[in-house]
Amino acid sequence: MDLHILDHRLRVISISKNGLVNFTHPLIKLIFLRNRTRCKFFSLTETPENYTVVLDEEGFKELQPSEHLKVESSIWLPLNVASNGNASSSSQAVGVTKIAKSVIAPLAQQHVSVFMLSTYQTDFILVKEKDLYVVISTLEEEFNIYKEVGGESVPMHCQDVPNGLQKNGKEAIQPTVHPVVIPKNQFCVMSLDPDTLPSIATTLIDVLFYSNSPKEDAANQGLDCIKFFSFSLIDGYISLVMDTEAQRQFPADLLFTSSSGELWRMVRIGGQPLGFDECGIVAQISQPLADSDISAYYISTFSFDHALVPEEDIVSVTDMLQHQRKDPAAS
């Protein structure tokens with residue numbers, strides 16, 4: 001398989017809920033006027049706590065410093081796995097499950113922290129730029145690794161990374177087993193033709209910036225339901241993750257999903273904000289799902305992580321994760 005280091009240098013930021021009004025204009029510009037911003041990698045995810053924005057350096061220029069804006073200090077590089085043109089069978093697990101054993105688990109063993117962003121089209125594994133040497137040295141036996149430079153794919157090896165840190169030979173530390181919450185919402189993973197984006201502009205702006213649902217207080221109500229909406233516009237492709245309540249606000253003929261029209265349930269990871277340095281959080285969830293061949297999308301945010309699994313699998317996933325909490329060594 002091929003592993004591509006995409007030609008983006010990304011920042012991960014958080015915007016507070018009460019500070020969103022200060023950023024509505026630049027965010028709308030990044031969503032609808034991408035030709036003016038030259039931003040090619042943009043993702044905005046709303047959770048009960050805050051808004052997480054992942055964007056490239058061109059997009060980052062649009063956001064002015066503010067007390068309502070937190071910027072994670074690292075530069076992040078997005079990785080993407082290509083299966084050499086072999087299309088996956090419709091019966092195969094999709095999403096992060098496909099790369100759990102080949103990418104996520106080996107990086108966790110080498111103490112490399114990852115930030116995941118699954119979209120309708122693909123899965124992006126974000127790694128810190130300073131960890132690139134360790135990433136390549138860990139994965140080059142399994143993958144042909146390429147760096148995208150100006151539209152060209154250039155082969156990459158360890159010796160191509162200056163001042164790289166040596167591969168970590170220490171025994172991996174058993175990661176903390178974080179608590180999980182399973183909200184009752186049903187979610188959809190959808191896409192949209194970018195040419196039709198103006199047609200849903202009013203609805204999208206309303207859902208992202210002006211919807212004051214009672215679910216806003218879900219953080220204080222045991223998360224029976226959760227406010228979660230994710231919009232990504234990456235290299236011209238749009239991905240949307242929303243619950244069925246939000247979906248009903250959009251024109252049904254413009255949004256499209258897989259032929260099965262599958263509904264998803266969420267596993268929200270973390271009792272307290274997770275931070276960006278702990279390793280193995282994604283592996284802790286994705287590894288058992290991969291062992292059971294259960295599809296999963298995975299979206300990291302500034303405070304917590306979120307996995308989406310098929311609704312028909314939620315009972316077995318719940319049992320699996322409860323067993324993991326009782327016996328962490330078994331995982």
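Distant-in-sequence amide contacts of VAL12, defined by a placed amide H-H separation under 5 Å and a gap of 5 or more residues or a different chain, comprise GLU72. What the Kirkwood sum gives for the stretch 228-302 is a hydrodynamic radius of 15.0 Å, with every pair of different alpha carbons counted. Accessible area per residue for the chain is 46 Å², calculated with a 1.4 Å probe on protein heavy atoms, without ligands, DNA or RNA.
Residue pairs exceeding 29 angstrom between C-alpha atoms, taken from LYS98/LYS184; LYS70/LYS101; LYS17/LYS147; LYS17/LYS61; LYS128/LYS184: LYS70/LYS101; LYS17/LYS147; LYS128/LYS184. Put simply, the amide H of SER295, placed in the peptide plane, has neighbours under 5 Å in VAL94, leaving out anything fewer than 5 places away on its chain. Solvent-free Debye calculation, one equal scatterer per alpha-carbon of the stretch 1-126: log10 I(q)/I(0) at 0.21 Å⁻¹ equals -1.24.
The accessible surface of the chain, taken with every protein chain in place and a 1.4 Å probe, is 48 percent carbon and sulfur. The charge dipole of the chain, taken about its Cα centre with unit charges on the Cβ atoms of Lys, Arg (+1), Asp and Glu (-1) only, comes to about 600 debye. Charge tally around SER199: other residues with Cβ under 12 Å, Lys/Arg +1 each, Asp/Glu -1 each, net -3.
Note on LYS227: aspartates and glutamates with a C-alpha under 19 Å away, same-chain residues under 8 apart excluded, are GLU46, GLU49, ASP206, GLU216, ASP217, ASP243, GLU245, ASP305, GLU311. Averaged over residues, the count of other Cβ atoms within 10 Å places the peptides 97-104, 280-287, 59-66 in the sequence 280-287, 97-104, 59-66, highest first.
The values are calculated or read from the model by the stated rules, or taken from the named source; none is laboratory data. For clarity, every value in this text was computed on a predicted model and none was experimentally measured. So basically every Cβ, Gly included, is an ideal-geometry build from the backbone, and we count neighbours across all protein chains shown. Heavy atoms of the whole protein, side chains included, go into the accessibility calculation; ligands, DNA and RNA do not. Shrake-Rupley method; radii C 1.70, N 1.55, O 1.52, S 1.80 Å.
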